[in-house]
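Single-structure report; data block below.
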Amino acid sequence: MAYIFGIALVTLLFIVLHFFTEISLRQKVGTTLIAAFLILGAYLFNQSNEDRRLHQESVLLKFKHGKNIVCDSIDVNNSEFAYSSGTQTFLGKKESRMNGRIISLDLCE
């Protein structure tokens, strides 16, 4: 839905430039293309962040349900690791063999 809004915004920008300014056609097209690329970049950035968030959410759900997760070639489970929501990392529990180990949620598959 956001891409439709972006296309409409770029079209509106071109129309405003075309009818209400006295700049050349080349400058109008250039300005419109720059705006289009900025909107496309913002859309792709947001899409990437959303995909990353969904992946992290699914990994965390598996962890909370007691399943093994592979993170940086290490099996992570809730019996040996605790999750820190502030840093989004798995921390090795003191009583386990993974004591002191810190693994980022981004490294999990």
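At a probe radius of 1.4 angstrom, the accessible area of the chain per residue rounds to 73 square angstrom. Rounded is the label for region 59-109, because a/c, from the alpha-carbon gyration tensor with a ≥ b ≥ c as root eigenvalues, stays below 1.5. Cross-link reach is defined here as a Cα-Cα straight distance under 29 Å, omitting same-chain residues fewer than 8 places apart; for Lys93 the lysines meeting it are Lys62, Lys64, Lys67. For the chain, the share of DSSP beta bridges that are antiparallel, to the nearest 5, is 100%. For the pair Ser73 and Leu61 in one chain, pulling the backbone fully straight at 0.36 nm per residue adds 2.4 nm over the alpha carbon distance. By how many degrees, between 0 and 90 and to the nearest 10, does the Cα long axis of helix 25-64 differ from the longest principal axis of the chain? So the helix axis and the longest Cα principal axis differ by about 20 degrees.
Counting only alpha carbon atoms, the long axis of helix 2-20 and the longest principal axis of the chain meet at about 20°.
Summary of the geometry: region 45-106 and region 11-36, compared by the centres of their Cα atoms, lie 48 Å apart.
Hey, which aspartates and glutamates would be in cross-link range of Lys94, C-alpha to C-alpha under 12 Å, not counting anything within fewer than 8 residues on its own chain? Those aspartates and glutamates meeting the cut-off are Glu80. For the chain, the average shadow cast by the Cα convex hull is 9.7 nm², which is a quarter of the hull's surface. The helix-only estimate of mean residue ellipticity at 222 nm for the chain, built from DSSP H runs of length n ≥ 4 each weighted as -39500 (n - 2.57), is -19500 deg cm²/dmol after division by the residue total.
Ignoring ligands, DNA and RNA, please state the percent of accessible area on the chain from carbon and sulfur, probe 1.4 Å.
Numbers: 4980 of 7990 Å².
Using a 1.4 Å probe with all protein chains present, the chain comes out at 62 percent carbon and sulfur.
The values are calculated or read from the model by the stated rules, or taken from the named source; none is laboratory data. Note that the structure is predicted; figures quoted are calculated from it, not measured. For accessibility, only protein heavy atoms count, side chains too; no ligands or nucleic acids. Shrake-Rupley method; radii C 1.70, N 1.55, O 1.52, S 1.80 Å.
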